[in-house]
Amino acid sequence: MSLTLLTIGSFDVPHMGHASFLRRCEVFADREHIMVGVNSDAFVERYKGEPPVFTQDERMSLISELGYRVRVNDGPGRVLIEDAGPDIIAIGTDWAKRDYHAQIDTPVEYFEEHSIAMLYIPYTPGISTTDLKARFLRA
């Protein structure tokens, strides 16, 4: 039996850090049991105050081409979590000091009641969407 792992993100400007994160998830779940929730264009704009650089369809296609199952996420995350029923939710260590449960509108008690583990995957230093956007503006 393989565990089901879910991760949710914007993947606004997909980069090597995202690919590394997803590959590290494979230590804990087989690729076919990893689901990637990609935040919708509307959700990214509501959350970040600006639309993503790559469209929802482009971001979903790219992650699908990497071999992962992909679903759209149009809200904080609770609906997707309830639908996917994961054993593990993986997030980057950049969220370690932030309230991820509030971000996804799913309290700790929900995780406990449904036996969902929170897994922190090490953040890839030296690359981020924010850094890439700054590089593009300088070019």
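We did not get these values from a lab; they are worked out from the coordinates using the rules stated. Model, not experiment: these values are computed from the prediction. As a convention, Cβ positions derive from the backbone with ideal geometry for all residues, glycine included, and neighbour counts pool all protein chains shown.
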Task: Around V44: net Lys/Arg minus Asp/Glu count, Cβ-Cβ under 12 Å - done: -2
Task: For N39, residues with placed amide H under 5 Å, excluding near neighbours - done: G9, S10, N73
Open item on the list: At 0.36 nm per residue, and after removing the present C-alpha to C-alpha distance, how many nm does the segment from R46 to R71 gain when stretched out fully?
Closed with: 7.1 nm
- [ ] Sort 36-42, 74-80 for me by packing, meaning the mean count of neighbouring Cβ atoms within 10 Å per residue, highest on top.
- [x] 36-42, 74-80
- [ ] Using the charge dipole of the range 5-138 (Lys, Arg: +1 at Cβ; Asp, Glu: -1 at Cβ; taken about the Cα centre), state which of L62, G126, G17 has its Cα farthest towards the positive end.
- [x] G126
- [ ] Any chance you could run the full-extension gain for T55 through D105? It's 0.36 nm times the residue separation minus the Cα-Cα distance, nm to one decimal.
- [x] 15.6 nm
- [ ] Collect residues whose amide H, placed 1.01 Å from N in the peptide plane, falls under 5 Å from the amide H of I121; neighbours closer than 5 in sequence don't count.
- [x] I91, G92, T93
- [ ] Work out the length of the dipole vector of the chain about its Cα centre, built from +1 on the beta-carbon of each Lys and Arg and -1 on the beta-carbon of each Asp and Glu, and round it to the nearest 20 debye.
- [x] 620
Task: Neighbour-limited loop hits for GluC sites (Glu not before Pro), the range 1-51 (at most 15 other Cβ within 10 Å; DSSP other than H, G, I, E, B) - done: E26
Open item on the list: For the range 86-139, which trypsin sites (Lys or Arg not before Pro) pass both filters: DSSP loop (anything but H, G, I, E, B) and at most 15 other C-beta atoms within 10 Å?
Closed with: K97, R98
